[in-house]
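The values are calculated or read from the model by the stated rules, or taken from the named source; none is laboratory data. Remember, it's a predicted structure, so these values are computed and weren't measured experimentally. Because the Cβ atoms are built from the backbone with ideal geometry, glycine has one as well, and the counts that use them run over all protein chains shown.
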Amino acid sequence: MITERAITLRERRVAVLEGGAGRDLVFLHGAGGLTADDPLLRHLAARYRVHAPLLPGFGASEDAPELREMLDVTLHGFDVIDALGLARPLLVGHSMGGMIAAEMAAIAPREVEALALIAPAGLWRDEHPIPDLFAMLPHHLPALLFHDVALGERLLTGGLNLEDPQFLIGFLVRNARQLGMAGKLLFPIPDRGLADRLYRIRARTLLIWGESDRLIPPVYADAFAAGLTAAAALHRVLIPACGHLVGAERPEAVLTALAQAGF
(Lines give C-alpha, C1' and ligand atoms only; values in the text may rest on other atoms or scores of the structure.)
Protein backbone atom coordinates (compact mmCIF):
# COMPACT_ATOMS: atom_id res chain seq x y z
CA MET A 1 0.00 0.00 0.00
CA ILE A 2 1.30 3.46 -0.95
CA THR A 3 0.55 6.26 1.49
CA GLU A 4 1.38 9.96 1.50
CA ARG A 5 3.08 11.99 4.21
CA ALA A 6 4.67 15.41 4.37
CA ILE A 7 8.10 16.64 5.35
CA THR A 8 9.20 20.25 5.69
CA LEU A 9 12.17 21.73 3.87
CA ARG A 10 13.05 25.40 4.27
CA GLU A 11 9.56 26.02 5.69
CA ARG A 12 7.88 24.47 2.64
CA ARG A 13 5.79 21.30 2.49
CA VAL A 14 7.12 18.40 0.42
CA ALA A 15 4.73 15.50 -0.16
CA VAL A 16 6.28 12.03 -0.17
CA LEU A 17 4.59 8.82 -1.34
CA GLU A 18 5.86 5.78 0.54
CA GLY A 19 5.26 2.06 0.79
CA GLY A 20 6.74 -1.41 0.82
CA ALA A 21 9.61 -2.99 2.70
CA GLY A 22 13.21 -3.83 1.88
CA ARG A 23 16.07 -1.79 0.53
CA ASP A 24 15.38 1.95 0.43
CA LEU A 25 14.57 3.21 -3.06
CA VAL A 26 13.99 6.87 -3.92
CA PHE A 27 11.88 7.39 -7.03
CA LEU A 28 11.93 10.73 -8.87
CA HIS A 29 8.92 11.31 -11.12
CA GLY A 30 8.59 12.85 -14.56
CA ALA A 31 6.83 16.01 -15.76
CA GLY A 32 3.42 14.33 -15.58
CA GLY A 33 3.62 14.02 -11.82
CA LEU A 34 2.81 11.04 -9.65
CA THR A 35 -0.07 9.67 -7.55
CA ALA A 36 -0.37 6.94 -4.94
CA ASP A 37 -2.12 4.61 -7.40
CA ASP A 38 0.77 4.68 -9.88
CA PRO A 39 1.32 1.09 -11.08
CA LEU A 40 5.11 1.36 -11.01
CA LEU A 41 5.13 2.49 -7.38
CA ARG A 42 2.94 -0.48 -6.44
CA HIS A 43 5.27 -2.91 -8.22
CA LEU A 44 8.41 -1.36 -6.71
CA ALA A 45 6.87 -1.56 -3.24
CA ALA A 46 6.67 -5.34 -3.63
CA ARG A 47 10.47 -5.49 -3.44
CA TYR A 48 11.72 -2.20 -1.96
CA ARG A 49 10.90 0.42 0.65
CA VAL A 50 9.84 3.15 -1.78
CA HIS A 51 10.11 6.89 -1.13
CA ALA A 52 8.74 9.08 -3.94
CA PRO A 53 8.95 12.83 -3.20
CA LEU A 54 6.80 15.12 -5.31
CA LEU A 55 8.64 18.07 -6.80
CA PRO A 56 7.52 21.57 -5.78
CA GLY A 57 4.30 22.47 -7.59
CA PHE A 58 3.25 18.83 -7.97
CA GLY A 59 0.42 17.38 -5.90
CA ALA A 60 0.54 18.56 -2.29
CA SER A 61 4.14 19.81 -2.52
CA GLU A 62 4.27 23.57 -2.16
CA ASP A 63 5.77 25.76 -4.85
CA ALA A 64 9.41 26.69 -4.29
CA PRO A 65 10.33 29.74 -6.40
CA GLU A 66 13.84 29.68 -4.95
CA LEU A 67 14.53 26.58 -7.06
CA ARG A 68 15.51 28.45 -10.20
CA GLU A 69 17.84 26.14 -12.12
CA MET A 70 19.18 22.62 -12.44
CA LEU A 71 21.68 22.88 -9.59
CA ASP A 72 18.97 24.12 -7.20
CA VAL A 73 16.74 21.15 -8.05
CA THR A 74 19.65 18.71 -7.78
CA LEU A 75 20.54 19.93 -4.29
CA HIS A 76 16.85 19.86 -3.35
CA GLY A 77 16.91 16.15 -4.16
CA PHE A 78 19.73 15.58 -1.68
CA ASP A 79 17.95 17.74 0.92
CA VAL A 80 14.89 15.50 0.62
CA ILE A 81 16.99 12.34 1.05
CA ASP A 82 18.63 13.84 4.14
CA ALA A 83 15.24 14.86 5.58
CA LEU A 84 13.98 11.30 5.07
CA GLY A 85 16.97 9.99 7.03
CA LEU A 86 18.24 7.85 4.16
CA ALA A 87 21.85 6.96 3.36
CA ARG A 88 22.84 6.14 -0.21
CA PRO A 89 19.48 4.66 -1.31
CA LEU A 90 18.91 3.15 -4.72
CA LEU A 91 18.06 6.17 -6.86
CA VAL A 92 15.53 5.69 -9.68
CA GLY A 93 14.24 8.42 -11.96
CA HIS A 94 11.87 8.52 -14.91
CA SER A 95 12.11 11.07 -17.74
CA MET A 96 12.59 14.47 -16.05
CA GLY A 97 13.17 12.59 -12.80
CA GLY A 98 15.85 10.55 -14.56
CA MET A 99 17.53 13.78 -15.56
CA ILE A 100 17.53 14.94 -11.92
CA ALA A 101 18.78 11.55 -10.69
CA ALA A 102 21.65 11.60 -13.20
CA GLU A 103 22.59 15.12 -12.13
CA MET A 104 22.60 14.03 -8.48
CA ALA A 105 24.86 11.08 -9.25
CA ALA A 106 27.21 13.35 -11.22
CA ILE A 107 27.34 16.21 -8.70
CA ALA A 108 27.96 13.93 -5.70
CA PRO A 109 29.21 10.60 -7.11
CA ARG A 110 30.06 9.14 -3.70
CA GLU A 111 26.52 9.71 -2.43
CA VAL A 112 24.83 7.50 -5.05
CA GLU A 113 25.76 3.83 -5.08
CA ALA A 114 23.18 2.53 -7.56
CA LEU A 115 21.26 4.43 -10.22
CA ALA A 116 18.41 3.41 -12.51
CA LEU A 117 17.38 5.81 -15.27
CA ILE A 118 14.08 5.12 -17.04
CA ALA A 119 13.95 6.96 -20.40
CA PRO A 120 15.74 9.95 -18.85
CA ALA A 121 15.64 13.45 -20.27
CA GLY A 122 18.71 15.68 -20.12
CA LEU A 123 20.46 15.20 -23.46
CA TRP A 124 19.74 16.68 -26.88
CA ARG A 125 20.53 15.47 -30.39
CA ASP A 126 19.66 17.79 -33.29
CA GLU A 127 19.05 14.78 -35.54
CA HIS A 128 16.53 13.38 -33.03
CA PRO A 129 14.70 16.40 -31.55
CA ILE A 130 12.48 15.77 -28.54
CA PRO A 131 8.87 17.01 -29.04
CA ASP A 132 7.75 20.08 -27.11
CA LEU A 133 5.42 18.85 -24.35
CA PHE A 134 4.55 22.41 -23.42
CA ALA A 135 2.77 22.98 -26.73
CA MET A 136 0.56 19.88 -26.52
CA LEU A 137 -3.08 19.28 -25.61
CA PRO A 138 -4.40 16.02 -24.11
CA HIS A 139 -5.36 14.41 -27.40
CA HIS A 140 -1.71 14.57 -28.53
CA LEU A 141 -0.36 12.66 -25.55
CA PRO A 142 -1.54 9.01 -25.78
CA ALA A 143 0.15 8.40 -29.14
CA LEU A 144 3.30 10.21 -27.99
CA LEU A 145 3.68 8.54 -24.61
CA PHE A 146 2.28 5.01 -25.09
CA HIS A 147 2.84 2.04 -27.35
CA ASP A 148 -0.77 1.02 -26.67
CA VAL A 149 -2.62 4.22 -27.56
CA ALA A 150 -6.02 2.99 -26.33
CA LEU A 151 -4.49 2.11 -22.95
CA GLY A 152 -2.90 5.55 -22.86
CA GLU A 153 -6.23 7.26 -23.44
CA ARG A 154 -7.84 5.30 -20.60
CA LEU A 155 -5.00 5.94 -18.15
CA LEU A 156 -4.56 9.63 -18.93
CA THR A 157 -8.24 10.53 -18.82
CA GLY A 158 -9.84 8.07 -16.41
CA GLY A 159 -12.40 7.37 -19.12
CA LEU A 160 -13.29 11.03 -19.72
CA ASN A 161 -13.54 12.61 -23.17
CA LEU A 162 -10.23 14.21 -24.22
CA GLU A 163 -12.17 16.97 -25.99
CA ASP A 164 -14.55 17.68 -23.08
CA PRO A 165 -14.20 21.35 -22.01
CA GLN A 166 -14.28 20.51 -18.30
CA PHE A 167 -11.50 17.96 -18.73
CA LEU A 168 -9.47 20.50 -20.71
CA ILE A 169 -9.91 23.15 -18.03
CA GLY A 170 -8.65 20.77 -15.34
CA PHE A 171 -5.77 19.69 -17.56
CA LEU A 172 -4.69 23.26 -18.26
CA VAL A 173 -4.95 24.37 -14.63
CA ARG A 174 -2.94 21.39 -13.38
CA ASN A 175 -0.34 21.78 -16.12
CA ALA A 176 0.08 25.49 -15.45
CA ARG A 177 1.28 24.64 -11.94
CA GLN A 178 3.28 21.51 -12.69
CA LEU A 179 4.90 22.64 -15.90
CA GLY A 180 5.93 25.88 -14.23
CA MET A 181 8.41 23.77 -12.29
CA ALA A 182 9.19 21.40 -15.14
CA GLY A 183 9.78 24.28 -17.54
CA LYS A 184 12.83 25.36 -15.57
CA LEU A 185 14.46 22.07 -16.57
CA LEU A 186 12.88 21.12 -19.90
CA PHE A 187 11.96 24.31 -21.78
CA PRO A 188 12.74 25.18 -24.54
CA ILE A 189 14.90 22.05 -24.80
CA PRO A 190 15.89 19.63 -22.00
CA ASP A 191 19.62 20.39 -22.17
CA ARG A 192 21.27 21.89 -19.11
CA GLY A 193 24.77 20.57 -19.75
CA LEU A 194 24.29 17.08 -18.33
CA ALA A 195 26.28 15.55 -21.22
CA ASP A 196 29.40 17.29 -19.91
CA ARG A 197 28.91 15.84 -16.41
CA LEU A 198 27.95 12.21 -17.10
CA TYR A 199 31.59 11.13 -16.89
CA ARG A 200 31.52 11.93 -13.15
CA ILE A 201 28.95 9.22 -12.38
CA ARG A 202 30.50 6.30 -10.49
CA ALA A 203 27.31 4.50 -9.47
CA ARG A 204 26.30 1.14 -10.87
CA THR A 205 23.85 2.28 -13.53
CA LEU A 206 20.86 0.72 -15.25
CA LEU A 207 19.29 2.30 -18.35
CA ILE A 208 15.71 1.24 -19.11
CA TRP A 209 13.92 2.30 -22.29
CA GLY A 210 10.66 1.52 -24.03
CA GLU A 211 11.30 0.27 -27.55
CA SER A 212 8.41 2.40 -28.90
CA ASP A 213 9.31 5.61 -27.01
CA ARG A 214 8.27 8.48 -29.30
CA LEU A 215 9.05 11.27 -26.83
CA ILE A 216 12.67 10.43 -26.01
CA PRO A 217 13.55 7.77 -28.59
CA PRO A 218 15.81 4.83 -27.65
CA VAL A 219 18.70 6.35 -29.60
CA TYR A 220 19.17 8.50 -26.50
CA ALA A 221 20.07 5.32 -24.60
CA ASP A 222 23.16 5.16 -26.82
CA ALA A 223 23.96 8.78 -26.01
CA PHE A 224 23.68 8.16 -22.26
CA ALA A 225 25.73 4.97 -22.49
CA ALA A 226 28.47 6.80 -24.38
CA GLY A 227 28.66 9.45 -21.67
CA LEU A 228 28.64 7.02 -18.76
CA THR A 229 32.23 5.95 -19.33
CA ALA A 230 33.10 5.98 -15.63
CA ALA A 231 30.06 4.06 -14.36
CA ALA A 232 31.13 1.14 -12.18
CA ALA A 233 28.83 -1.14 -14.18
CA LEU A 234 26.35 -0.29 -16.91
CA HIS A 235 23.32 -2.39 -17.79
CA ARG A 236 20.90 -1.56 -20.60
CA VAL A 237 17.36 -2.93 -21.02
CA LEU A 238 15.08 -2.22 -23.98
CA ILE A 239 11.48 -3.18 -23.24
CA PRO A 240 9.42 -4.27 -26.28
CA ALA A 241 5.86 -3.07 -26.94
CA CYS A 242 6.36 -0.15 -24.59
CA GLY A 243 6.42 3.63 -24.99
CA HIS A 244 7.77 6.49 -22.88
CA LEU A 245 5.56 5.81 -19.86
CA VAL A 246 7.31 2.53 -19.14
CA GLY A 247 6.03 2.38 -15.58
CA ALA A 248 2.42 2.64 -16.72
CA GLU A 249 2.61 0.13 -19.58
CA ARG A 250 5.12 -2.45 -18.30
CA PRO A 251 5.78 -1.93 -14.58
CA GLU A 252 6.58 -5.61 -14.11
CA ALA A 253 9.35 -5.33 -16.72
CA VAL A 254 10.95 -2.48 -14.78
CA LEU A 255 10.96 -4.57 -11.60
CA THR A 256 12.47 -7.51 -13.48
CA ALA A 257 15.19 -5.30 -14.98
CA LEU A 258 16.13 -3.98 -11.53
CA ALA A 259 16.32 -7.49 -10.10
CA GLN A 260 18.36 -8.87 -13.00
CA ALA A 261 20.83 -5.98 -12.68
CA GLY A 262 21.36 -6.89 -9.04
CA PHE A 263 19.47 -3.88 -7.66
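Checked against the criteria, residue 138 counts as touching a Leu at 6+ places or on another chain (Cβ under 6 Å) and without any contact (Cβ under 8 Å) to a residue 40 or more places away in the chain.
On the given criteria, is residue 52 at positive phi and in contact with a His (Cβ under 8 Å, 6 or more places away or on another chain)? The answer is no for residue 52. Scanning segment 212-245 for residues that are more than 18 Å from residue 257 (Cα to Cα), assigned to a helix (DSSP H, G or I) and either in contact with an Asp or Glu (Cβ under 8 Å, 6 or more places away or on another chain) or without any contact (Cβ under 8 Å) to a residue 60 or more places away in the chain (or both) yields one hit, 226.
Consider segment 201-249 and keep the residues that are closer than 27 Å to residue 88 by Cα and among the basic types (Lys, Arg). The one that is farthest from the chain's Cα centre (by Cα) is 202.
Here residue 11 meets each of (1) more than 25 Å from residue 244 (Cβ to Cβ); (2) touching a residue at least 12 places away in the same chain (Cβ under 8 Å) with one exception, condition (2). Among residues of segment 47-76 that are modelled with pLDDT under 95 and part of a strand (DSSP E or B), none has a Cβ under 6 angstrom from a residue that is surrounded by 15 or more Cβ atoms within 10 Å (Cβ to Cβ) and among the charged types (D, E, K, R) at a sequence gap of 6+ or on a separate chain. Here residue 93 clears all of (1) under 12 Å from the mean Cα position of the chain (by Cα); (2) at positive phi except the condition numbered (2). Sort out which residues of segment 82-106 are farther than 16 Å from residue 220 by Cα and either at pLDDT below 95 or in a loop (DSSP other than H, G, I, E, B) (or both), and write them in order of number. If the condition is that a residue be farther than 16 Å from residue 220 by Cα and either at pLDDT below 95 or in a loop (DSSP other than H, G, I, E, B) (or both), then 84, 85, 86, 87, 88, 89 are the ones that fit.
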